[in-house]
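**Student:** This is the structure I have questions about; it appears just below.
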Amino acid sequence: MVMNAILNRKSVRKYSDRVISDADLHKILDAGRLAPSWVNVQPWKFIVVKSQQTKDLLSEAAGSQQQVKNAQVVICCVADLEAWSKVNFGKVLDQRGVDEQTKNAMLNSSLYNPAILGDYEALLRSVEQLTYAVAYMTLEAQELGIGACIVGAFANELTKKDNSFAQKVKDILGLNEQHVLVDFLTLGYEANTVQVNKLRKNFDDVVFFESL
């Protein structure tokens, strides 16, 4: 059940040596692929990292966070601004059977295509969409009994961290200026089971009806 996965999910930062099977890794990645996105643009790319050399570099870019270094797998979750180009966005609309007039209207409308407003707005929308995919992957990992931790504190365009590792990471992952690395999703079987008490705001503190 999805709610069971939500209730039991936790950030796992210490991993055993048990290897994640390719079949289970594929299921996790496919959960991200199948996540919803605005107008089905799917502005994301997932880069699977198993190389220890690359994981070491990612860890250094993240201030030496050990879960990045010691994970069995790190999924680098990338916001793909190229997805909003008229060529790529147009292909998505063609696949949906949108007629030419409607397609052109959508491609040139800031309501549907944030790239019309600029790279910053396209990045905001892409990051929003990417969070759905990351959430889906963490829940699938939980269902499979695989620990996961979302890492967003590292040198990149969002944190504005002046770190020489930021460009090194982009280079080793093959990213261009239209690709923004937003999250690392570290994966591995939990080394020692730890019970976590989820601290969340009360329901009535976050849920309102009709208005605040």
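The values are calculated or read from the model by the stated rules, or taken from the named source; none is laboratory data. What you are looking at is a predicted structure, and each value in this text was computed from that prediction instead of being measured. Heads up, the Cβs are rebuilt from the backbone with ideal geometry, glycines too, and the neighbour counts pull from every protein chain shown.
**Student:** Kindly indicate whether any position in the stretch 127-149 is modelled with pLDDT of 95 or more, within 30 Å of LEU7 (Cα to Cα), aromatic (Phe, Trp, Tyr) and not in a loop (DSSP other than H, G, I, E, B). Outline the logic, then answer.
**Tutor:** If we filter the stretch 127-149 for residues that are modelled with pLDDT of 95 or more, which is where we start, we get 127-149.
With within 30 Å of LEU7 (Cα to Cα) added as a condition, the list becomes 127-149.
Restricting the remaining residues to those that are aromatic (Phe, Trp, Tyr) gives 132, 136.
Still in the list and also not in a loop (DSSP other than H, G, I, E, B): 132, 136.
Yes, that holds for at least one residue.
**Student:** Looking only at the stretch 183-193, filter to residues that are touching a residue at least 60 places away in the same chain (Cβ under 8 Å) and either among the aromatic types (Phe, Trp, Tyr) or out of contact with any strand residue (DSSP E or B) (no Cβ under 6 Å at 6 or more places or on another chain) (or both); which one of those is nearest to ASN156 (Cα to Cα)?
**Tutor:** Filtering the stretch 183-193 for residues that are touching a residue at least 60 places away in the same chain (Cβ under 8 Å) and either among the aromatic types (Phe, Trp, Tyr) or out of contact with any strand residue (DSSP E or B) (no Cβ under 6 Å at 6 or more places or on another chain) (or both), the one nearest to ASN156 (Cα to Cα) comes out as PHE184.
**Student:** While we're on this one: Please give the number of the condition LYS69 fails out of (1) surrounded by fewer than 20 Cβ atoms within 10 Å (Cβ to Cβ); (2) charged (D, E, K, R); (3) at pLDDT 95 or above; (4) farther than 22 Å from ASN192 by Cα.
**Tutor:** It is condition (4) that LYS69 fails.
**Student:** Now for a separate question. PHE209 - would you say it is of a type in the set (Phe, Trp, Tyr), outside any helix (DSSP H, G or I), loosely packed, with under 11 Cβ neighbours inside 10 Å and out of contact with any Ser or Thr (no Cβ under 6 Å at 6 or more places or on another chain)? Full working, then the answer.
**Tutor:** Values: of a type in the set (Phe, Trp, Tyr): yes; outside any helix (DSSP H, G or I): yes; loosely packed, with under 11 Cβ neighbours inside 10 Å: yes; out of contact with any Ser or Thr (no Cβ under 6 Å at 6 or more places or on another chain): yes.
The answer is yes for PHE209.
**Student:** If I go through the stretch 39-75 residue by residue, how many of them are over 17 Å from TYR132 (Cβ atoms), of a type outside the set (A, V, I, L, M) and in contact (Cβ under 8 Å) with a residue 60 or more places away in the chain? Break it down into steps so the answer makes sense when it comes.
**Tutor:** From the stretch 39-75, those over 17 Å from TYR132 (Cβ atoms) are 47-74; that's our starting set.
Cutting the leftovers down to of a type outside the set (A, V, I, L, M) gives us 50-56, 59-60, 63-67, 69-70, 72.
Of the ones still in play, those that are also in contact (Cβ under 8 Å) with a residue 60 or more places away in the chain are 54, 60, 63, 65, 67, 70, 72.
Number of matching residues: 7.
**Student:** Restricting the first residue to the stretch 112-124 and requiring it to be over 19 Å from VAL78 (Cβ atoms), which pairs with a second residue that is of a type outside the set (A, V, I, L, M, F, W, C) and not in a helix (DSSP H, G or I) meet a Cβ separation below 8 Å and a spacing of at least six or different chains?
**Tutor:** Pairs found: ILE116/ASN108; ILE116/SER109; ILE116/SER110; LEU117/SER110.
**Student:** Here is a follow-up. With the structure loaded, tell me whether ARG96 is among the basic types (Lys, Arg) and either under 21 Å from PHE154 (Cα atoms) or modelled with pLDDT under 95 (or both) or whether it fails that test. Steps first, answer last, please.
**Tutor:** Details: among the basic types (Lys, Arg): yes; either under 21 Å from PHE154 (Cα atoms) or modelled with pLDDT under 95 (or both): yes.
For ARG96, the condition - among the basic types (Lys, Arg) and either under 21 Å from PHE154 (Cα atoms) or modelled with pLDDT under 95 (or both) - is met.
**Student:** Pick from the stretch 110-156 the residues that are of a type in the set (Ser, Thr, Tyr) and within 13 Å of the chain's Cα centre (by Cα): which of them is farthest from ASP24 (Cα to Cα)?
**Tutor:** So in the stretch 110-156, the residues of a type in the set (Ser, Thr, Tyr) come out as 110, 112, 120, 126, 131-132, 136, 138.
Remaining after also requiring within 13 Å of the chain's Cα centre (by Cα): 126, 131-132, 136, 138.
Values: SER126: 26, THR131: 21, TYR132: 19, TYR136: 14, THR138: 12 Å.
Here the residue is SER126.
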